[in-house]
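What follows is a set of notes on a single structure, which appears directly below.
The values are calculated or read from the model by the stated rules, or taken from the named source; none is laboratory data. None of the values given here were measured: they were computed from a predicted structure. So basically every Cβ, Gly included, is an ideal-geometry build from the backbone, and we count neighbours across all protein chains shown. These area figures cover heavy atoms from the full protein model, side chains too; ligands, DNA and RNA do not enter into them. Shrake-Rupley method; radii C 1.70, N 1.55, O 1.52, S 1.80 Å.
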Amino acid sequence: MWLLDVFMDSVFVKPIFHVHGRFVRNDYGVYIYADGQAEKFDSMDIDFVNYGDLLKLLEGIGYKKIKKMQWYDVAEDDLEAGLHKLEGDADINAMCEHLMRNFGLIDEFHIYIEHEVDIPVPASDGGAKCGTGSYVDIIFE
């Protein structure tokens with residue numbers, strides 16, 4: 001019976017990573033994330049969410065050089081007000097506490113990623129080599 005109670009008290013949330021986009025203001029001045037993609041994962045027990053595991057999830061889908069992560073509080077009226085830094089386990093704990101307070105209304109967490117990507121750079125011999133740069137840098141080159 002005790003094992004069943006522990007299982008029933010577990011809270012599962014679904015991580016959603018937003019990648020390849022950029023933050024811009026639209027024609028109305030509203031802060032938005034444009035041209036991005038959402039990478040969804042299976043639900044996780046909120047008690048075991050940690051920064052290192054999120055980095056491993058990202059690495060597993062090809063994002064090895066993370067420059068910046070922010071979690072989004074979907075209870076906020078707009079994206080700009082709802083973004084919070086995500087730099088380590090203390091920030092993960094703050095995000096998880098927020099999710100627990102709002103569980104039932106929120107069963108997923110949204111994380112926006114700024115990452116580096118390999119950029120082909122022309123070599124003097126006509127070939128190409130790979131360098132790195134921010135994804136945002138590529139958009140404006």
Taking Phe109, Phe12 and ranking on accessible area (1.4 Å, protein atoms only), highest first, one gets Phe12, Phe109
Once Val24 and Lys85 are pulled to full extension, the length gained, defined as 0.36 nm per residue separation minus their Cα-Cα distance, is 20.2 nm
Each label sits 7 Å from Cα toward the beta-carbon; between Glu97 and Asp35 the label points are separated, in nm, by 3.8 nm
Reported to the nearest 10 Å², Phe23 has, with a 1.4 Å probe, an accessible area equal to 60 Å²
Measure of exposure for Lys67: accessible area at 1.4 Å probe, Å² rounded to 10, is 100 Å²
For segment 9-116, shape from the Cα gyration tensor axes a ≥ b ≥ c, cut at a/c of 1.5 then a/b versus b/c, turns out oblate
Per-residue accessible area, 1.4 Å probe, largest first, puts Arg25, Arg101 in the order Arg101, Arg25
Net charge near Ala38 (other residues with Cβ under 13 Å of its Cβ; Lys, Arg +1; Asp, Glu -1) is -1
Heavy-atom accessible area of His84, protein chains in place, probe 1.4 angstrom, given in Å² to nearest 10, is 70 Å²
About its Cα centre, segment 32-87 carries a charge dipole, from +1 on Lys and Arg Cβ atoms and -1 on Asp and Glu Cβ atoms, whose size in debye to the nearest 20 is 480 debye
